[in-house]
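Written below as structure tokens is the structure these notes are about.
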Amino acid sequence: MRIKISILIFFFYGLPSAQTFSIARIQYSGGGDWYSDPSSIPNLLDYLSKNTPLSVDLKETRIKLTDNNANQFPYLYLTGHGNIRFNDNEVIALRSILLNGGFLHVDDNYGLDKSFRREIKKVFPNKKLVNLPNDHSIFDSYFEFKNGLPKIHEHDNKPAQAIAMFDKKRMILLYTYESDLGDGWEDTSVHNNPWETRESALKMGVNIIY
């Protein structure tokens, strides 16, 4: 395990005083199952609490992008298998959140790719999604992943891809594609993944948070 003190300091100063770390799941329209993998976020938060010095809120929060408190969460999470659809107000809200210190993790649970790319183009028509190399700092921010994003669930025999969007040098969005981290975060009984696979997903979740 490798802890980078500078990242720890930045992270703690990024949270308001006495605030615990939390994750907010985005509820979207369009027909996709935004609520999928219900045990994933609580399990990730529990692992984060037990294996890092962060103060953690163990409960998942669910929000819509237009909620008044949507900009108060350090980590927004979006997943599902189907179609995403943002209305005009949600496009404006997400753009504002991400350009003002917010971060969004989109985890494709298989079937999200086409609609995600379409909708994020509405939010940032002039920004590009870029593939992160295996030596990017997200792969050793806390735990070390020499081979980049772990492959948790097989779909189309494609490699796991970590795809990011930046505002200047700050990562505002991470898209984990063909990996399915959320499946790895789920309870053991859901997918019967071995602990080694589940823990690699949980460790990668910790890295993304840091």
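The values are calculated or read from the model by the stated rules, or taken from the named source; none is laboratory data. As the structure is a prediction and not an experimental result, all values here were calculated from the model. Don't worry about glycine lacking a Cβ; one is built from the backbone with ideal geometry, like all the others, and counts go over all protein chains shown. Heavy atoms of the whole protein, side chains included, go into the accessibility calculation; ligands, DNA and RNA do not. Shrake-Rupley method; radii C 1.70, N 1.55, O 1.52, S 1.80 Å.
Worth pointing out:
- Nearby lysines by direct alpha-carbon distance to residue 50 (threshold 25 angstrom, same-chain neighbours under 8 apart not counted): 4, 59, 146, 151, 203
- The string of couplings for region 130-142 from the Karplus curve (6.51, -1.76, 1.60, θ = phi - 60°) is 10, 6, 8, x, 5, 9, 5, 5, 5, 8, 8, 5, 9 Hz, one whole number per residue in order, with x for Gly and Pro.
- Protein accessible area in region 29-143, 1.4 Å probe - carbon and sulfur %: 48 percent
- Two-decimal Rg/Rh across region 112-210, once Rg and the Kirkwood Rh are taken from alpha-carbon atoms: 0.98
- Gain upon complete extension [residue 195, residue 99; 0.36 nm per residue less C-alpha separation]: 30.9 nm
- Net charge over other residues, Cβ less than 15 angstrom from the Cβ of residue 169 (K, R count +1; D, E count -1): +3
- Kirkwood Rh and Cα Rg combined as Rg over Rh, evaluated for region 42-105: 1.01
- Taking a ≥ b ≥ c as the square roots of the Cα gyration tensor eigenvalues, the chain comes out rounded, since a/c falls below 1.5.
- Proximal charge balance of residue 192 [Cβ under 11 Å; K/R count +1, D/E count -1]: -2
- Surface exposure of the chain, expressed per residue as accessible area with a 1.4 Å probe, stands at 49 Å².
- Net charge over other residues, Cβ less than 13 angstrom from the Cβ of residue 122 (K, R count +1; D, E count -1): +3
- Its residue count N sets the reference 2.2 N^0.38 Å, and the alpha-carbon radius of gyration of region 9-116 equals 1.09 times that reference.
- Long-range HN-HN contacts of residue 25 with modeled amide H, under 5 Å: 61, 62, 63, 77
- Candidates 99, 115, 29 compared by Cα position along the dipole of the chain: farthest toward the positive end lies 99, with charges placed on Cβ.
- The chain, helix-only ellipticity at 222 nm - DSSP H runs n ≥ 4, -39,500 (n - 2.57), divided by all residues, nearest 500: -9500 deg cm²/dmol
- Anisotropy class of region 89-140 from Cα gyration tensor, a/c 1.5 cut: oblate
- Cleavage-rule hits, trypsin sites (Lys or Arg not before Pro), region 11-105, DSSP coil, Cβ neighbours within 10 Å at most 11: 59
- Of all DSSP beta bridges in the chain, antiparallel share, percent nearest 5: 40 percent
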